[in-house]
1. Accessible surface of Lys44 in the full protein assembly, 1.4 angstrom probe, to the nearest 10 Å²?
2. Determine the order of Thr75, Thr69 by accessible area, beginning with the largest, at a probe radius of 1.4 Å.
3. Please work out the average accessible area per residue across region 104-143, using the 1.4 Å probe convention, and give it in Å².
4. In region 104-143, carbon and sulfur make up what percent of the accessible area (probe 1.4 Å)?
5. Starting from the residue with the highest accessible area, list Val39, Val137, Val111 in decreasing order, probe 1.4 Å.
6. Using protein chains only and a probe of 1.4 angstrom, how many square angstrom of Leu82 are accessible, to the nearest 10?
7. Share of region 38-88's accessible area from carbon and sulfur, percent, 1.4 Å?
8. Sorted by accessible area with a 1.4 angstrom probe, largest first, how do Ile143, Ile120 fall?
Amino acid sequence: MAQAAHRCDAGSPRGYQVPPLLSGPGAYQAPGTKTDSLVKFLTKEFDSINRELAERLVDEMRSGVSPDTPPQQLTSQQIVRLHELLHAARFADPKGTHLSPAGEYNLRLGVMKEMKPDLIATYQGDVRVFEGHSFIVEAAVSIGGRD
């Protein structure tokens with residue numbers, strides 16, 4: 001998944017430091033995307049953006065960008081505007097299919113094997129998101145066991 005611009009105090013437009021997202025003329029040089037349109041870039045690189053939302057985001061950019069604009073041709077100001085729109089948009093939680101949780105069963109089995117506790121409790125939460133990063137909380141608490 002692509003990185004978004006980071007907030008900084010000085011130096012770049014509107015106080016944003018734009019990391020190398022895309023490559024091409026007018027943009028920051030970096031290994032970018034192989035997609036040929038901005039809508040395809042948004043739907044491929046971002047987990048929770050479907051085609052309809054991608055088209056709406058491109059329409060809201062209002063800076064001479066069309067859905068067919070190659071992402072490599074975005075200027076730094078256009079990237080900053082896209083970043084602002086992505087921060088303002090609301091997304092569905094990701095499905096978490098890219099995560100590899102151990103699972104309650106394996107967590108319990110591992111603690112029982114290593115600690116041989118008298119009492120054990122395990123928990124696995126649902127997929128959550130913090131600042132665009134999905135995660136799953138898994139925890140085990142045990143009492144007693146090996147010295």
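The values are calculated or read from the model by the stated rules, or taken from the named source; none is laboratory data. Just so it is clear, the structure is predicted and the values come from calculations on it, not from any experiment. These accessible areas exclude ligands, DNA and RNA; they are computed on the full protein's heavy atoms, side chains included. Shrake-Rupley method; radii C 1.70, N 1.55, O 1.52, S 1.80 Å.
1. Counting only protein heavy atoms, Lys44 exposes about 130 Å² to solvent.
2. Result of the area sort, largest leading: Thr75, Thr69.
3. Here the residues of region 104-143 average 78 Å² of exposed surface.
4. Using a 1.4 Å probe with all protein chains present, region 104-143 comes out at 59 percent carbon and sulfur.
5. Val137, Val111, Val39
6. 10 Å²
7. Of all accessible area on region 38-88, carbon and sulfur atoms account for 44 percent.
8. So the residues, ranked largest to smallest area, are Ile143, Ile120.
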